[in-house]
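Chemist: Mind having a look at this structure? Questions to follow.
The values are calculated or read from the model by the stated rules, or taken from the named source; none is laboratory data. None of these values were measured; they are calculated from a predicted model. Cβ placement follows ideal geometry from the backbone for every residue including glycine, while neighbour counts extend to all protein chains displayed. Side chains are part of the model used for accessible areas, which takes the heavy atoms of the whole protein and leaves out ligands, DNA and RNA. Shrake-Rupley method; radii C 1.70, N 1.55, O 1.52, S 1.80 Å.
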Amino acid sequence: MGAIIAGGRATRMGGVNKPLKWAGNQPLILHAYQRMEPQASGIIVNANRDQREISALVPSGTAIVEDDPEFAGRGPLVGLLACLAHARSNDFKFLATAAADTPFFPADLIDQLRAPIGDGAIRIARHDGWRHPLFGLWPTSLMENLETFLYSHETNKVMAFAKRHDLIEVDIEAKGSPFFNVNTPNDLAQADEMLQKMRS
(Lines give C-alpha, C1' and ligand atoms only; values in the text may rest on other atoms or scores of the structure.)
Protein backbone atom coordinates (compact mmCIF):
# COMPACT_ATOMS: atom_id res chain seq x y z
CA MET A 1 0.00 0.00 0.00
CA GLY A 2 1.10 3.56 -0.70
CA ALA A 3 0.56 6.66 1.39
CA ILE A 4 0.77 10.35 0.51
CA ILE A 5 1.74 12.40 3.56
CA ALA A 6 -0.11 15.71 3.26
CA GLY A 7 -0.71 16.73 6.85
CA GLY A 8 1.92 19.41 7.37
CA ARG A 9 1.38 22.97 8.58
CA ALA A 10 3.25 24.67 5.69
CA THR A 11 4.64 27.45 7.88
CA ARG A 12 7.06 28.57 5.13
CA MET A 13 4.07 28.99 2.79
CA GLY A 14 2.20 31.16 5.26
CA GLY A 15 0.14 28.29 6.65
CA VAL A 16 -1.74 27.52 3.43
CA ASN A 17 -2.64 23.92 2.68
CA LYS A 18 0.24 23.13 0.31
CA PRO A 19 -1.20 19.98 -1.29
CA LEU A 20 -4.03 22.09 -2.70
CA LYS A 21 -1.73 24.66 -4.31
CA TRP A 22 -1.57 24.41 -8.07
CA ALA A 23 1.49 23.75 -10.22
CA GLY A 24 1.52 22.47 -13.77
CA ASN A 25 -2.25 22.81 -14.19
CA GLN A 26 -3.30 20.74 -11.18
CA PRO A 27 -2.89 20.62 -7.38
CA LEU A 28 0.30 19.21 -5.91
CA ILE A 29 -1.65 16.40 -4.22
CA LEU A 30 -2.63 15.05 -7.63
CA HIS A 31 0.95 15.05 -8.91
CA ALA A 32 1.99 12.94 -5.94
CA TYR A 33 -1.03 10.67 -6.23
CA GLN A 34 -0.50 10.06 -9.94
CA ARG A 35 3.18 9.26 -9.33
CA MET A 36 2.33 6.77 -6.62
CA GLU A 37 -0.77 5.15 -8.12
CA PRO A 38 0.93 2.84 -10.67
CA GLN A 39 3.43 1.70 -8.04
CA ALA A 40 1.18 0.64 -5.16
CA SER A 41 -1.77 -1.61 -4.40
CA GLY A 42 -4.08 1.07 -3.09
CA ILE A 43 -3.28 4.57 -1.84
CA ILE A 44 -4.26 6.46 1.27
CA VAL A 45 -3.80 10.17 1.99
CA ASN A 46 -2.83 11.59 5.36
CA ALA A 47 -4.51 14.99 5.70
CA ASN A 48 -5.60 17.03 8.71
CA ARG A 49 -7.61 19.77 7.00
CA ASP A 50 -9.67 20.28 3.86
CA GLN A 51 -10.34 16.55 3.76
CA ARG A 52 -13.50 16.99 1.68
CA GLU A 53 -11.69 19.03 -0.93
CA ILE A 54 -8.83 16.54 -1.09
CA SER A 55 -11.27 13.64 -1.26
CA ALA A 56 -13.00 15.30 -4.20
CA LEU A 57 -9.70 15.60 -6.07
CA VAL A 58 -8.39 12.05 -5.67
CA PRO A 59 -10.09 8.92 -7.05
CA SER A 60 -13.31 7.86 -5.37
CA GLY A 61 -12.82 5.50 -2.46
CA THR A 62 -9.39 6.82 -1.48
CA ALA A 63 -9.15 6.75 2.31
CA ILE A 64 -8.24 10.06 3.97
CA VAL A 65 -6.67 9.45 7.38
CA GLU A 66 -6.06 12.08 10.05
CA ASP A 67 -3.34 12.37 12.67
CA ASP A 68 -4.10 11.18 16.17
CA PRO A 69 -4.97 14.45 18.00
CA GLU A 70 -3.01 13.22 21.02
CA PHE A 71 0.15 13.81 18.98
CA ALA A 72 -0.95 17.03 17.29
CA GLY A 73 1.91 19.19 16.07
CA ARG A 74 4.51 16.42 16.23
CA GLY A 75 5.14 16.37 12.50
CA PRO A 76 5.18 13.69 9.80
CA LEU A 77 5.83 10.80 12.20
CA VAL A 78 2.24 11.21 13.37
CA GLY A 79 1.01 11.00 9.80
CA LEU A 80 3.14 7.91 9.32
CA LEU A 81 1.56 6.36 12.42
CA ALA A 82 -1.97 6.97 11.10
CA CYS A 83 -1.08 5.47 7.72
CA LEU A 84 0.65 2.43 9.23
CA ALA A 85 -2.42 1.78 11.36
CA HIS A 86 -4.74 1.98 8.36
CA ALA A 87 -2.52 -0.20 6.17
CA ARG A 88 -2.15 -2.86 8.85
CA SER A 89 -5.89 -2.92 9.53
CA ASN A 90 -6.28 -3.76 5.84
CA ASP A 91 -3.74 -6.62 6.08
CA PHE A 92 -0.86 -4.89 4.30
CA LYS A 93 2.59 -5.87 5.57
CA PHE A 94 4.40 -2.89 4.10
CA LEU A 95 3.62 0.78 3.51
CA ALA A 96 5.38 2.98 0.97
CA THR A 97 5.34 6.69 1.75
CA ALA A 98 5.80 9.87 -0.27
CA ALA A 99 5.40 13.56 0.52
CA ALA A 100 2.57 15.48 -1.12
CA ASP A 101 4.76 18.50 -1.88
CA THR A 102 7.24 16.58 -4.06
CA PRO A 103 5.81 16.32 -7.57
CA PHE A 104 8.79 14.72 -9.34
CA PHE A 105 9.64 11.64 -7.28
CA PRO A 106 10.59 8.60 -9.39
CA ALA A 107 7.90 6.55 -11.10
CA ASP A 108 9.77 3.42 -9.97
CA LEU A 109 10.50 4.58 -6.43
CA ILE A 110 8.96 1.55 -4.72
CA ASP A 111 10.77 -0.93 -6.97
CA GLN A 112 14.06 0.79 -6.21
CA LEU A 113 13.37 0.76 -2.47
CA ARG A 114 12.64 -2.98 -2.62
CA ALA A 115 15.69 -3.84 -4.72
CA PRO A 116 18.64 -4.03 -2.28
CA ILE A 117 19.27 -7.38 -0.64
CA GLY A 118 19.65 -7.05 3.12
CA ASP A 119 18.00 -7.33 6.47
CA GLY A 120 16.92 -3.72 6.76
CA ALA A 121 13.36 -3.60 8.02
CA ILE A 122 12.99 0.02 6.89
CA ARG A 123 14.11 1.34 3.51
CA ILE A 124 14.74 5.10 3.21
CA ALA A 125 15.46 6.90 -0.08
CA ARG A 126 18.76 8.69 -0.61
CA HIS A 127 19.76 10.74 -3.65
CA ASP A 128 23.03 12.55 -4.31
CA GLY A 129 24.05 11.91 -0.72
CA TRP A 130 20.87 13.40 0.79
CA ARG A 131 18.38 11.34 2.76
CA HIS A 132 14.68 11.75 2.07
CA PRO A 133 13.01 10.10 5.08
CA LEU A 134 9.42 10.65 3.95
CA PHE A 135 10.16 8.48 0.92
CA GLY A 136 10.45 5.05 2.43
CA LEU A 137 9.16 1.52 2.75
CA TRP A 138 7.94 0.66 6.25
CA PRO A 139 6.79 -2.63 7.79
CA THR A 140 3.33 -2.08 9.24
CA SER A 141 4.41 -4.22 12.20
CA LEU A 142 6.30 -1.12 13.45
CA MET A 143 3.07 0.68 14.29
CA GLU A 144 3.21 -0.01 18.04
CA ASN A 145 6.91 0.80 18.14
CA LEU A 146 6.23 4.17 16.56
CA GLU A 147 3.39 4.89 18.95
CA THR A 148 5.67 4.08 21.90
CA PHE A 149 8.38 6.29 20.39
CA LEU A 150 5.98 9.22 20.14
CA TYR A 151 4.91 8.74 23.74
CA SER A 152 8.45 8.37 25.06
CA HIS A 153 10.61 10.78 23.08
CA GLU A 154 10.69 14.51 22.62
CA THR A 155 12.18 14.45 19.12
CA ASN A 156 9.91 14.43 16.10
CA LYS A 157 12.58 13.47 13.57
CA VAL A 158 11.69 10.63 11.23
CA MET A 159 15.30 9.44 11.04
CA ALA A 160 15.57 9.30 14.85
CA PHE A 161 12.81 6.68 14.81
CA ALA A 162 14.11 4.87 11.73
CA LYS A 163 17.62 4.51 13.18
CA ARG A 164 16.25 2.60 16.15
CA HIS A 165 15.44 -0.28 13.79
CA ASP A 166 17.13 -2.25 11.03
CA LEU A 167 17.55 0.30 8.29
CA ILE A 168 18.80 0.39 4.71
CA GLU A 169 19.39 3.72 3.00
CA VAL A 170 18.73 3.09 -0.68
CA ASP A 171 20.50 5.15 -3.33
CA ILE A 172 17.78 6.10 -5.79
CA GLU A 173 18.71 6.39 -9.44
CA ALA A 174 16.97 9.29 -11.14
CA LYS A 175 17.84 12.24 -13.34
CA GLY A 176 17.46 15.87 -12.35
CA SER A 177 15.99 16.77 -8.96
CA PRO A 178 13.47 14.00 -8.24
CA PHE A 179 13.00 15.02 -4.62
CA PHE A 180 12.57 18.74 -5.22
CA ASN A 181 9.92 19.76 -2.72
CA VAL A 182 7.74 22.83 -2.49
CA ASN A 183 8.32 24.72 0.74
CA THR A 184 7.99 28.38 -0.27
CA PRO A 185 6.09 30.46 -2.85
CA ASN A 186 9.30 30.63 -4.90
CA ASP A 187 9.54 26.84 -4.85
CA LEU A 188 5.95 26.63 -6.07
CA ALA A 189 6.70 28.97 -8.97
CA GLN A 190 9.78 26.91 -9.85
CA ALA A 191 7.81 23.66 -9.71
CA ASP A 192 5.13 25.18 -11.95
CA GLU A 193 7.77 26.21 -14.49
CA MET A 194 9.35 22.75 -14.44
CA LEU A 195 5.99 21.02 -14.88
CA GLN A 196 4.96 23.32 -17.70
CA LYS A 197 8.19 22.53 -19.53
CA MET A 198 7.54 18.81 -19.06
CA ARG A 199 4.11 19.23 -20.66
CA SER A 200 5.39 21.18 -23.68
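Chemist: Filter the range 105-142 down to the residues that are at pLDDT 95 or above, open to solvent by less than 20 Å² (accessible area, probe 1.4 Å) and part of a loop (DSSP other than H, G, I, E, B), then identify the one that is nearest to GLN51 (Cα to Cα).
Modeler: The residue in question is PHE105.
Chemist: Out of the residues in the range 178-200 meeting the condition of being of a type in the set (Gly, Ala, Ser) and open to solvent by less than 70 Å² (accessible area, probe 1.4 Å), tell me which one is farthest from the chain's Cα centre (by Cα).
Modeler: The initial filter retains those residues of the range 178-200 that are of a type in the set (Gly, Ala, Ser), namely 189, 191, 200.
Now drop any that are not open to solvent by less than 70 Å² (accessible area, probe 1.4 Å), which leaves 189, 191.
Numbers: ALA189: 21, ALA191: 17 Å.
In this case the residue turns out to be ALA189.
Chemist: Taking HIS165, is it surrounded by 12 or more Cβ atoms within 10 Å (Cβ to Cβ), touching a strand residue (DSSP E or B) at 6+ places or on another chain (Cβ under 6 Å) and under 26 Å from LEU77 (Cα atoms)? Steps first, please.
Modeler: Values: surrounded by 12 or more Cβ atoms within 10 Å (Cβ to Cβ): yes; touching a strand residue (DSSP E or B) at 6+ places or on another chain (Cβ under 6 Å): yes; under 26 Å from LEU77 (Cα atoms): yes.
Here the answer is yes, as HIS165 does meet what is asked.
Chemist: Also, I was wondering about something else. Looking only at the range 39-95, filter to residues that are touching a residue at least 24 places away in the same chain (Cβ under 8 Å) and of a type in the set (D, E, K, R); which one of those is surrounded by the fewest Cβ atoms within 10 Å (Cβ to Cβ)?
Modeler: LYS93
Chemist: What's the total number of residues in the range 16-28 that are assigned to a helix (DSSP H, G or I) and over 15 Å from PHE179 (Cα atoms)?
Modeler: Of the residues in the range 16-28, the ones assigned to a helix (DSSP H, G or I) are 18-20, 28.
Keeping just the survivors that are over 15 Å from PHE179 (Cα atoms) gives 18-20.
Summing the residues that are assigned to a helix (DSSP H, G or I) and over 15 Å from PHE179 (Cα atoms) in the range 16-28 gives 3.
Chemist: For the range 1-29, what are the residues that are under 27 Å from SER89 (Cβ atoms) and surrounded by 20 or more Cβ atoms within 10 Å (Cβ to Cβ)?
Modeler: MET1, GLY2, ALA3, ILE4, ILE5, ALA6, GLY7, GLY8, ASN17, PRO19, ILE29
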